[in-house]
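Q: Got a structure here, written out as C-alpha coordinates. Questions coming.
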Amino acid sequence: MSKVLIIGAGGVGNVVAHKCAMVPEVFSEIHLASRTLVKCEQIAQDVKEATGVEIQTSQVDADIVPELVSLIRKVQPELVINVALPYQDLTIMDACLETKVHYLDTANYEPKDEAKFEYKWQWAYQDRFKEAGLTALLGCGFDPGVTGVFTAYANKHHFDEIHYLDIVDCNAGDHGKAFATNFNPEINIREITQKGKYWENGQWVEIDPMSIHKPIEYPEIGPRESYLLYHEELESLVKNIPSIKRARFWMTFGQEYIKHLEVLQNVGMTSIEPITYQGVEIVPLQFLKAVLPEPSSLGEGYEGQTSIGCQIKGMKDGQEKTYYIYNNCNHAESYKEVKAQAVSYTTGVPAMVGAMMLLTGQWKGEGVFNVEEFNPDPFLEQLAKHGLPWHEKVNTALPHEY
Ligand code: NDP
(Lines give C-alpha, C1' and ligand atoms only; values in the text may rest on other atoms or scores of the structure.)
Protein backbone atom coordinates (compact mmCIF):
# COMPACT_ATOMS: atom_id res chain seq x y z
CA MET A 1 0.00 0.00 0.00
CA SER A 2 1.72 3.16 -1.19
CA LYS A 3 1.05 6.76 -2.01
CA VAL A 4 2.26 8.11 -5.37
CA LEU A 5 2.61 11.59 -6.74
CA ILE A 6 2.14 11.87 -10.51
CA ILE A 7 3.52 15.06 -12.09
CA GLY A 8 2.14 16.01 -15.54
CA ALA A 9 -1.51 16.02 -16.61
CA GLY A 10 -1.15 15.49 -20.36
CA GLY A 11 -1.96 12.47 -22.50
CA VAL A 12 0.36 10.17 -20.55
CA GLY A 13 -0.49 11.58 -17.09
CA ASN A 14 -4.15 10.80 -17.76
CA VAL A 15 -3.35 7.14 -18.50
CA VAL A 16 -1.03 6.76 -15.49
CA ALA A 17 -3.71 8.21 -13.18
CA HIS A 18 -6.40 5.86 -14.53
CA LYS A 19 -4.15 2.82 -14.44
CA CYS A 20 -2.88 3.44 -10.88
CA ALA A 21 -6.49 3.88 -9.74
CA MET A 22 -7.29 0.44 -11.18
CA VAL A 23 -4.71 -1.19 -8.87
CA PRO A 24 -5.71 0.11 -5.41
CA GLU A 25 -3.96 -2.79 -3.67
CA VAL A 26 -0.62 -1.18 -4.72
CA PHE A 27 -1.52 2.49 -5.18
CA SER A 28 -3.50 3.22 -2.04
CA GLU A 29 -3.44 7.00 -2.57
CA ILE A 30 -2.87 8.98 -5.76
CA HIS A 31 -2.01 12.65 -6.05
CA LEU A 32 -1.82 14.34 -9.48
CA ALA A 33 -0.05 17.68 -9.92
CA SER A 34 0.73 19.73 -13.01
CA ARG A 35 1.21 23.28 -14.26
CA THR A 36 -2.47 23.71 -15.14
CA LEU A 37 -4.70 22.70 -12.23
CA VAL A 38 -7.88 22.41 -14.30
CA LYS A 39 -6.33 19.58 -16.36
CA CYS A 40 -5.62 17.66 -13.15
CA GLU A 41 -9.18 18.23 -11.97
CA GLN A 42 -10.63 17.00 -15.27
CA ILE A 43 -8.55 13.82 -15.07
CA ALA A 44 -9.57 13.34 -11.41
CA GLN A 45 -13.22 13.60 -12.43
CA ASP A 46 -12.76 11.08 -15.27
CA VAL A 47 -10.92 8.68 -12.96
CA LYS A 48 -13.70 8.96 -10.38
CA GLU A 49 -16.34 8.19 -13.03
CA ALA A 50 -14.35 5.28 -14.49
CA THR A 51 -13.09 3.63 -11.29
CA GLY A 52 -14.80 5.23 -8.29
CA VAL A 53 -11.38 6.23 -6.92
CA GLU A 54 -10.83 9.77 -5.59
CA ILE A 55 -7.50 11.30 -6.50
CA GLN A 56 -6.10 14.51 -5.03
CA THR A 57 -4.81 17.33 -7.22
CA SER A 58 -2.38 20.26 -6.95
CA GLN A 59 -0.87 22.96 -9.10
CA VAL A 60 2.92 22.98 -9.41
CA ASP A 61 5.58 24.50 -11.61
CA ALA A 62 8.00 21.61 -11.93
CA ASP A 63 10.78 23.89 -13.21
CA ILE A 64 11.08 25.28 -9.68
CA VAL A 65 12.72 22.96 -7.14
CA PRO A 66 11.41 24.70 -3.95
CA GLU A 67 7.82 24.44 -5.28
CA LEU A 68 8.33 20.73 -5.90
CA VAL A 69 9.90 20.22 -2.48
CA SER A 70 7.00 21.82 -0.66
CA LEU A 71 4.49 19.82 -2.71
CA ILE A 72 6.32 16.55 -2.01
CA ARG A 73 6.54 17.43 1.71
CA LYS A 74 2.80 18.11 1.76
CA VAL A 75 1.82 14.95 -0.15
CA GLN A 76 4.48 12.61 1.35
CA PRO A 77 4.51 10.05 -1.45
CA GLU A 78 6.83 7.05 -1.61
CA LEU A 79 7.42 7.61 -5.32
CA VAL A 80 7.16 10.47 -7.81
CA ILE A 81 6.09 9.45 -11.33
CA ASN A 82 7.33 12.18 -13.65
CA VAL A 83 5.23 12.39 -16.83
CA ALA A 84 5.67 16.13 -17.37
CA LEU A 85 8.23 17.04 -20.04
CA PRO A 86 11.88 15.95 -20.32
CA TYR A 87 12.91 19.53 -19.38
CA GLN A 88 11.69 18.91 -15.83
CA ASP A 89 13.59 15.66 -15.17
CA LEU A 90 16.50 17.22 -13.27
CA THR A 91 14.47 19.59 -11.12
CA ILE A 92 12.18 16.71 -10.13
CA MET A 93 15.18 14.46 -9.39
CA ASP A 94 16.68 17.24 -7.24
CA ALA A 95 13.43 17.59 -5.32
CA CYS A 96 13.22 13.80 -4.81
CA LEU A 97 16.75 13.78 -3.38
CA GLU A 98 15.93 16.63 -1.03
CA THR A 99 12.77 14.93 0.24
CA LYS A 100 14.08 11.31 0.10
CA VAL A 101 11.52 9.95 -2.34
CA HIS A 102 11.98 7.45 -5.20
CA TYR A 103 11.75 8.71 -8.80
CA LEU A 104 10.50 7.35 -12.15
CA ASP A 105 10.23 8.94 -15.61
CA THR A 106 9.53 8.02 -19.26
CA ALA A 107 11.90 10.27 -21.23
CA ASN A 108 15.47 11.43 -20.71
CA TYR A 109 16.41 14.94 -19.71
CA GLU A 110 16.89 17.50 -22.43
CA PRO A 111 18.05 21.07 -22.09
CA LYS A 112 15.52 23.45 -23.65
CA ASP A 113 18.08 25.05 -25.93
CA GLU A 114 19.55 21.91 -27.53
CA ALA A 115 17.95 18.64 -28.66
CA LYS A 116 20.45 16.05 -27.47
CA PHE A 117 18.65 12.97 -26.09
CA GLU A 118 21.51 11.78 -23.91
CA TYR A 119 21.45 10.09 -20.52
CA LYS A 120 24.64 11.80 -19.31
CA TRP A 121 22.85 14.41 -17.20
CA GLN A 122 20.69 11.87 -15.39
CA TRP A 123 23.38 9.19 -15.05
CA ALA A 124 25.43 11.87 -13.26
CA TYR A 125 22.92 11.52 -10.36
CA GLN A 126 24.06 7.93 -9.72
CA ASP A 127 26.13 8.62 -6.59
CA ARG A 128 23.62 11.01 -5.07
CA PHE A 129 20.72 8.53 -5.39
CA LYS A 130 22.93 5.72 -4.11
CA GLU A 131 24.09 7.66 -1.08
CA ALA A 132 20.49 8.65 -0.30
CA GLY A 133 19.40 4.99 -0.56
CA LEU A 134 16.89 5.88 -3.28
CA THR A 135 15.97 4.46 -6.69
CA ALA A 136 15.64 6.54 -9.83
CA LEU A 137 14.15 4.51 -12.69
CA LEU A 138 14.70 6.17 -16.06
CA GLY A 139 12.77 5.77 -19.29
CA CYS A 140 9.90 3.54 -18.19
CA GLY A 141 7.37 4.18 -20.99
CA PHE A 142 7.17 2.01 -24.11
CA ASP A 143 10.14 3.23 -26.09
CA PRO A 144 12.17 3.83 -24.02
CA GLY A 145 10.80 1.38 -21.49
CA VAL A 146 9.15 -1.81 -22.69
CA THR A 147 11.65 -2.05 -25.57
CA GLY A 148 14.46 -2.26 -22.97
CA VAL A 149 12.54 -4.85 -20.94
CA PHE A 150 11.82 -6.87 -24.12
CA THR A 151 15.55 -6.85 -24.92
CA ALA A 152 16.47 -7.86 -21.35
CA TYR A 153 13.89 -10.68 -21.54
CA ALA A 154 15.38 -11.90 -24.84
CA ASN A 155 18.87 -11.71 -23.34
CA LYS A 156 17.79 -13.70 -20.28
CA HIS A 157 15.68 -16.41 -21.90
CA HIS A 158 16.56 -16.67 -25.57
CA PHE A 159 20.18 -15.78 -26.22
CA ASP A 160 23.70 -16.37 -24.96
CA GLU A 161 24.69 -13.30 -26.93
CA ILE A 162 22.54 -10.70 -28.64
CA HIS A 163 24.30 -9.35 -31.73
CA TYR A 164 21.73 -7.36 -33.71
CA LEU A 165 18.85 -5.34 -32.32
CA ASP A 166 16.25 -3.48 -34.36
CA ILE A 167 13.52 -1.67 -32.45
CA VAL A 168 10.56 -1.23 -34.79
CA ASP A 169 7.80 1.25 -33.97
CA CYS A 170 4.71 1.55 -36.14
CA ASN A 171 1.68 3.74 -35.66
CA ALA A 172 -0.84 2.57 -38.23
CA GLY A 173 -3.56 4.71 -36.70
CA ASP A 174 -5.61 7.49 -38.25
CA HIS A 175 -6.69 10.43 -36.06
CA GLY A 176 -8.36 12.25 -38.95
CA LYS A 177 -6.23 15.41 -38.58
CA ALA A 178 -4.01 16.74 -41.39
CA PHE A 179 -1.04 17.07 -39.03
CA ALA A 180 -0.75 16.26 -35.34
CA THR A 181 1.80 14.53 -33.13
CA ASN A 182 0.91 11.66 -30.83
CA PHE A 183 2.87 12.95 -27.90
CA ASN A 184 4.06 16.42 -26.95
CA PRO A 185 4.62 18.13 -30.36
CA GLU A 186 7.70 20.03 -29.24
CA ILE A 187 9.50 16.91 -28.00
CA ASN A 188 8.30 14.82 -30.94
CA ILE A 189 9.48 17.27 -33.59
CA ARG A 190 12.83 17.86 -31.87
CA GLU A 191 13.36 14.09 -31.91
CA ILE A 192 12.59 13.67 -35.61
CA THR A 193 14.35 16.70 -37.04
CA GLN A 194 17.71 15.99 -35.40
CA LYS A 195 20.29 13.76 -37.12
CA GLY A 196 19.68 10.01 -37.10
CA LYS A 197 22.19 7.75 -35.39
CA TYR A 198 22.74 4.03 -34.84
CA TRP A 199 25.29 1.83 -33.09
CA GLU A 200 27.61 -0.36 -35.14
CA ASN A 201 30.80 -2.17 -34.15
CA GLY A 202 31.49 -0.12 -31.06
CA GLN A 203 30.65 3.32 -32.40
CA TRP A 204 27.81 5.65 -33.34
CA VAL A 205 27.13 6.19 -37.03
CA GLU A 206 25.41 9.50 -37.76
CA ILE A 207 23.08 10.04 -40.75
CA ASP A 208 21.04 12.96 -42.12
CA PRO A 209 17.51 13.21 -40.65
CA MET A 210 15.13 10.63 -42.20
CA SER A 211 17.71 9.71 -44.88
CA ILE A 212 17.53 5.91 -44.36
CA HIS A 213 14.14 4.27 -44.74
CA LYS A 214 12.56 1.07 -45.96
CA PRO A 215 9.29 -0.82 -45.69
CA ILE A 216 9.10 -3.04 -42.62
CA GLU A 217 6.37 -5.67 -42.16
CA TYR A 218 4.38 -5.21 -38.93
CA PRO A 219 2.17 -7.96 -37.46
CA GLU A 220 -1.56 -7.57 -38.31
CA ILE A 221 -0.68 -4.34 -40.16
CA GLY A 222 1.54 -5.22 -43.12
CA PRO A 223 4.43 -3.29 -44.64
CA ARG A 224 4.91 0.36 -43.64
CA GLU A 225 7.69 2.77 -44.66
CA SER A 226 9.96 3.05 -41.61
CA TYR A 227 12.66 5.64 -40.95
CA LEU A 228 15.88 5.17 -39.06
CA LEU A 229 15.97 7.62 -36.13
CA TYR A 230 18.11 8.02 -33.06
CA HIS A 231 16.18 6.99 -29.97
CA GLU A 232 17.45 7.28 -26.43
CA GLU A 233 17.14 3.63 -25.33
CA LEU A 234 19.88 2.71 -27.81
CA GLU A 235 22.40 4.49 -25.56
CA SER A 236 21.57 2.52 -22.41
CA LEU A 237 21.03 -0.80 -24.21
CA VAL A 238 24.44 -0.89 -25.89
CA LYS A 239 26.02 0.00 -22.54
CA ASN A 240 24.10 -2.58 -20.50
CA ILE A 241 24.18 -5.38 -23.13
CA PRO A 242 27.71 -5.07 -24.50
CA SER A 243 27.44 -8.10 -26.85
CA ILE A 244 25.27 -5.95 -29.16
CA LYS A 245 27.15 -5.27 -32.40
CA ARG A 246 24.47 -3.19 -34.04
CA ALA A 247 21.42 -1.41 -32.62
CA ARG A 248 18.98 0.62 -34.67
CA PHE A 249 15.58 2.24 -34.15
CA TRP A 250 12.92 2.52 -36.86
CA MET A 251 9.67 4.47 -36.81
CA THR A 252 6.89 4.74 -39.37
CA PHE A 253 5.62 8.04 -40.75
CA GLY A 254 2.86 8.59 -43.28
CA GLN A 255 3.42 10.65 -46.43
CA GLU A 256 1.09 13.41 -45.17
CA TYR A 257 3.06 13.74 -41.94
CA ILE A 258 6.38 13.96 -43.78
CA LYS A 259 5.01 16.51 -46.24
CA HIS A 260 3.81 18.81 -43.44
CA LEU A 261 7.00 18.37 -41.46
CA GLU A 262 9.13 19.22 -44.49
CA VAL A 263 7.21 22.43 -45.14
CA LEU A 264 7.30 23.45 -41.47
CA GLN A 265 11.03 22.82 -41.40
CA ASN A 266 11.64 24.72 -44.63
CA VAL A 267 9.84 27.80 -43.34
CA GLY A 268 11.68 27.70 -40.01
CA MET A 269 8.75 26.70 -37.79
CA THR A 270 10.58 23.75 -36.22
CA SER A 271 13.55 25.82 -35.05
CA ILE A 272 14.42 25.97 -31.34
CA GLU A 273 16.43 29.18 -31.79
CA PRO A 274 14.51 32.10 -30.22
CA ILE A 275 13.40 34.94 -32.53
CA THR A 276 11.90 38.33 -31.71
CA TYR A 277 8.30 38.79 -32.86
CA GLN A 278 6.61 42.15 -32.19
CA GLY A 279 9.07 42.85 -29.42
CA VAL A 280 8.60 39.49 -27.73
CA GLU A 281 11.10 36.64 -27.81
CA ILE A 282 9.48 33.42 -29.00
CA VAL A 283 10.76 29.97 -29.97
CA PRO A 284 9.17 28.99 -33.31
CA LEU A 285 8.74 25.34 -32.28
CA GLN A 286 7.00 26.36 -29.04
CA PHE A 287 4.65 28.59 -31.02
CA LEU A 288 3.95 25.70 -33.41
CA LYS A 289 3.13 23.49 -30.42
CA ALA A 290 0.58 26.06 -29.29
CA VAL A 291 -1.34 25.85 -32.58
CA LEU A 292 -1.20 22.06 -33.02
CA PRO A 293 -3.77 19.72 -31.44
CA GLU A 294 -2.88 18.52 -27.94
CA PRO A 295 -1.96 14.81 -27.96
CA SER A 296 -4.55 14.18 -25.26
CA SER A 297 -7.27 15.52 -27.59
CA LEU A 298 -6.58 12.96 -30.34
CA GLY A 299 -8.29 10.01 -28.69
CA GLU A 300 -11.88 10.32 -29.87
CA GLY A 301 -12.42 8.72 -33.28
CA TYR A 302 -8.80 7.54 -33.53
CA GLU A 303 -8.76 4.26 -35.47
CA GLY A 304 -6.17 1.56 -36.16
CA GLN A 305 -3.35 0.29 -34.01
CA THR A 306 0.26 0.66 -32.98
CA SER A 307 2.83 -2.13 -33.15
CA ILE A 308 6.14 -1.77 -31.31
CA GLY A 309 8.71 -4.48 -30.78
CA CYS A 310 12.27 -5.71 -30.88
CA GLN A 311 13.69 -7.82 -33.68
CA ILE A 312 16.78 -9.57 -32.42
CA LYS A 313 19.42 -11.85 -33.87
CA GLY A 314 22.19 -13.56 -31.95
CA MET A 315 23.59 -16.88 -30.71
CA LYS A 316 22.06 -19.58 -28.53
CA ASP A 317 23.90 -22.85 -27.79
CA GLY A 318 26.29 -22.25 -30.65
CA GLN A 319 23.45 -21.71 -33.16
CA GLU A 320 22.25 -18.53 -34.80
CA LYS A 321 18.80 -17.56 -33.55
CA THR A 322 16.20 -14.89 -34.40
CA TYR A 323 13.53 -13.56 -32.09
CA TYR A 324 10.80 -10.96 -32.42
CA ILE A 325 8.83 -9.72 -29.39
CA TYR A 326 6.12 -7.09 -29.80
CA ASN A 327 2.86 -5.57 -28.65
CA ASN A 328 0.01 -4.28 -30.79
CA CYS A 329 -2.32 -1.73 -29.21
CA ASN A 330 -5.63 -0.50 -30.59
CA HIS A 331 -6.40 3.23 -30.44
CA ALA A 332 -10.18 2.89 -30.13
CA GLU A 333 -9.95 0.28 -27.36
CA SER A 334 -7.52 2.48 -25.41
CA TYR A 335 -9.93 5.37 -25.75
CA LYS A 336 -12.84 3.27 -24.55
CA GLU A 337 -10.90 2.20 -21.47
CA VAL A 338 -9.15 5.41 -20.35
CA LYS A 339 -10.07 8.16 -22.84
CA ALA A 340 -6.62 8.14 -24.45
CA GLN A 341 -5.10 7.17 -27.78
CA ALA A 342 -2.70 4.23 -27.98
CA VAL A 343 0.54 6.28 -27.90
CA SER A 344 -0.38 7.75 -24.51
CA TYR A 345 -1.73 4.35 -23.42
CA THR A 346 1.41 2.43 -24.35
CA THR A 347 3.48 4.95 -22.37
CA GLY A 348 1.24 5.25 -19.32
CA VAL A 349 0.70 1.53 -18.68
CA PRO A 350 4.45 0.70 -18.46
CA ALA A 351 4.98 3.74 -16.20
CA MET A 352 2.33 2.35 -13.86
CA VAL A 353 3.85 -1.16 -14.04
CA GLY A 354 7.36 0.21 -13.36
CA ALA A 355 5.96 2.08 -10.35
CA MET A 356 4.34 -1.15 -9.19
CA MET A 357 7.70 -2.98 -9.51
CA LEU A 358 9.40 -0.39 -7.29
CA LEU A 359 6.64 -0.09 -4.72
CA THR A 360 6.25 -3.87 -4.30
CA GLY A 361 10.03 -4.34 -4.04
CA GLN A 362 10.19 -6.59 -7.13
CA TRP A 363 12.65 -4.11 -8.60
CA LYS A 364 14.98 -2.58 -6.09
CA GLY A 365 18.35 -0.94 -6.00
CA GLU A 366 20.06 2.20 -4.85
CA GLY A 367 21.09 4.60 -7.59
CA VAL A 368 19.98 5.49 -11.11
CA PHE A 369 18.76 2.61 -13.30
CA ASN A 370 17.51 1.93 -16.79
CA VAL A 371 14.77 -0.69 -17.08
CA GLU A 372 16.93 -3.41 -18.67
CA GLU A 373 19.01 -3.59 -15.49
CA PHE A 374 16.15 -5.25 -13.58
CA ASN A 375 14.45 -8.66 -13.84
CA PRO A 376 12.15 -8.45 -16.88
CA ASP A 377 9.87 -11.37 -15.87
CA PRO A 378 7.57 -9.77 -13.26
CA PHE A 379 7.30 -6.59 -15.32
CA LEU A 380 6.20 -8.40 -18.47
CA GLU A 381 3.75 -10.52 -16.49
CA GLN A 382 2.05 -7.40 -15.12
CA LEU A 383 2.27 -5.55 -18.44
CA ALA A 384 0.18 -8.25 -20.13
CA LYS A 385 -2.32 -8.25 -17.25
CA HIS A 386 -2.80 -4.49 -17.36
CA GLY A 387 -3.61 -3.99 -21.01
CA LEU A 388 -0.47 -4.58 -23.09
CA PRO A 389 -0.22 -8.27 -24.00
CA TRP A 390 2.94 -9.19 -25.90
CA HIS A 391 3.76 -11.88 -28.43
CA GLU A 392 6.85 -13.73 -29.58
CA LYS A 393 8.09 -15.19 -32.85
CA VAL A 394 11.05 -17.49 -32.41
CA ASN A 395 13.28 -18.54 -35.27
CA THR A 396 10.82 -17.64 -37.97
CA ALA A 397 12.52 -15.56 -40.65
CA LEU A 398 12.50 -12.00 -39.37
CA PRO A 399 10.42 -9.74 -41.56
CA HIS A 400 13.38 -7.41 -41.49
CA GLU A 401 16.54 -7.98 -43.44
CA TYR A 402 19.90 -8.05 -41.64
P1 NDP B 1 1.71 16.45 -22.93
O2 NDP B 1 2.26 17.65 -23.55
O3 NDP B 1 0.35 15.95 -23.31
O4 NDP B 1 1.71 16.62 -21.33
C5 NDP B 1 2.77 17.18 -20.62
C6 NDP B 1 2.23 17.66 -19.29
O7 NDP B 1 3.32 18.19 -18.51
C8 NDP B 1 1.20 18.77 -19.43
O9 NDP B 1 0.14 18.53 -18.54
C10 NDP B 1 1.99 20.01 -19.03
O11 NDP B 1 1.25 21.05 -18.44
C12 NDP B 1 2.91 19.44 -17.98
N13 NDP B 1 4.04 20.35 -17.77
C14 NDP B 1 4.85 20.90 -18.70
N15 NDP B 1 5.72 21.73 -18.14
C16 NDP B 1 5.45 21.70 -16.79
C17 NDP B 1 6.01 22.34 -15.67
N18 NDP B 1 7.02 23.21 -15.77
N19 NDP B 1 5.47 22.09 -14.46
C20 NDP B 1 4.44 21.23 -14.32
N21 NDP B 1 3.89 20.57 -15.34
C22 NDP B 1 4.38 20.81 -16.57
O23 NDP B 1 2.79 15.29 -23.17
P24 NDP B 1 2.58 13.70 -23.07
O25 NDP B 1 1.64 13.37 -21.96
O26 NDP B 1 2.31 13.18 -24.42
O27 NDP B 1 4.06 13.24 -22.67
C28 NDP B 1 4.48 13.25 -21.32
C29 NDP B 1 5.91 12.69 -21.22
O30 NDP B 1 5.94 11.35 -21.72
C31 NDP B 1 6.94 13.46 -22.06
O32 NDP B 1 8.13 13.56 -21.34
C33 NDP B 1 7.15 12.59 -23.28
O34 NDP B 1 8.43 12.76 -23.85
C35 NDP B 1 7.01 11.20 -22.63
N36 NDP B 1 6.68 10.15 -23.60
C37 NDP B 1 7.38 8.97 -23.50
C38 NDP B 1 7.11 7.93 -24.38
C39 NDP B 1 7.78 6.62 -24.23
O40 NDP B 1 7.36 5.65 -24.85
N41 NDP B 1 8.79 6.48 -23.40
C42 NDP B 1 6.13 8.08 -25.46
C43 NDP B 1 5.35 9.32 -25.40
C44 NDP B 1 5.67 10.31 -24.50
P45 NDP B 1 0.30 22.05 -19.32
O46 NDP B 1 -0.93 21.25 -19.50
O47 NDP B 1 0.16 23.24 -18.47
O48 NDP B 1 1.04 22.30 -20.62
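The values are calculated or read from the model by the stated rules, or taken from the named source; none is laboratory data. Model, not experiment: these values are computed from the prediction. Cβ placement follows ideal geometry from the backbone for every residue including glycine, while neighbour counts extend to all protein chains displayed. Accessible surface areas use protein heavy atoms only, side chains included; no ligands, DNA or RNA. Shrake-Rupley method; radii C 1.70, N 1.55, O 1.52, S 1.80 Å.
Q: For a quick check, take a GNM of the chain with Cα springs below 10 Å and name the residue from 299, 268, 354 with the largest mean-square fluctuation.
A: 268
Q: So, one more: Note down the magnitude of the dipole of the stretch 5-84 about its Cα centre, charges +1 on Lys and Arg C-beta and -1 on Asp and Glu C-beta and zero elsewhere, to the nearest 20 debye.
A: 80 debye
Q: Mean-square fluctuation check for the chain, GNM, Cα pairs under 10 Å: which of 319, 341, 362 is largest?
A: The residue that fluctuates most here is 319.
Q: Also, I was wondering about something else. For the chain, what is the accessible area per residue in Å² when the probe is 1.4 Å?
A: On the way: 16430 Å² over 402 residues.
Result: 41 Å² of accessible area for each residue.
Q: Got the relative contact order for the stretch 23-155 handy, in percent, Cα pairs under 8 Å and 6 or more residues apart?
A: Taking the mean separation of contacting Cα pairs over the length of the stretch 23-155, I get 17 percent.
Q: Counting DSSP beta bridges in the chain, what percent are antiparallel, to the nearest 5?
A: Beta bridges within the chain, antiparallel portion: roughly 60 percent.
Q: Shifting gears a bit: Under the classification rounded if a/c is under 1.5, otherwise prolate if a/b is larger than b/c and oblate if not, where does the chain fall, given a ≥ b ≥ c as square roots of the Cα gyration tensor eigenvalues?
A: Numbers: a/c = 1.38, a/b = 1.14, b/c = 1.21.
Rounded.
Q: Is there a pair in 289/313; 321/364; 156/385; 197/316; 214/364; 195/239 whose C-alpha atoms are over 30 Å apart, and which pairs would that be?
A: Beyond 30 Å between Cα atoms: 289/313; 321/364; 214/364.
Q: A follow-up question, please. Can you tally the net charge around residue 365? Count Lys and Arg as +1, Asp and Glu as -1, for every other residue whose Cβ sits under 15 Å from the Cβ of residue 365.
A: Net local charge, residue 365 excluded: -2.
Q: Based only on Cα atoms, what Rg/Rh ratio does the stretch 298-373 have, Rh being taken as Kirkwood's radius?
A: 1.11
Q: If you put +1 on each Lys and Arg Cβ and -1 on each Asp and Glu Cβ, how big is the dipole of the chain around its Cα centre, in Debye rounded to 20? The partial results should precede the final answer.
A: On the way: 34 positive and 55 negative charges, 51 e Å.
Dipole size: approximately 240 debye.
Q: If one computes the Cα centroid of the stretch 113-178 and of the stretch 247-325, what distance in Å separates the two points?
A: Distance between centres, Cα-based: 16 Å.
Q: Let me ask something else. Farthest toward the dipole's positive end in the chain, which of 159, 389, 361, given Cβ charges of +1 (Lys, Arg) and -1 (Asp, Glu) about the Cα centre?
A: 361
Q: About the Cα centre, and with charges only on the beta carbon of Lys, Arg (+1) and Asp, Glu (-1), how big is the dipole of the stretch 158-288? Nearest 20 debye, please.
A: 160 debye
Q: Give the whole-number value, in cubic angstrom per residue, of the convex hull volume spanned by the C-alpha atoms of the stretch 34-142. The partial results should precede the final answer.
A: Working: hull volume 12.4 nm³, N = 109.
In the stretch 34-142, the Cα convex hull volume per residue is 114 Å³.
Q: Carbon and sulfur: what percent of the chain's accessible surface (1.4 Å probe)?
A: After summing per-atom areas, the C and S share lands at 47 percent.
Q: Considering only 256, 372, 233, give the residue with the highest GNM mean-square fluctuation for the chain, with springs between Cα atoms whenever their separation is below 10 Å.
A: Of 256, 372, 233, the most mobile in the Gaussian network model is 256.
Q: Here's something else I'd like to know. What value, in deg cm²/dmol to 500, does the helix sum -39500 (n - 2.57) over DSSP H runs of n ≥ 4 give at 222 nm once divided by the residues of the chain?
A: Rounded to the nearest 500, it is -10500 deg cm²/dmol.
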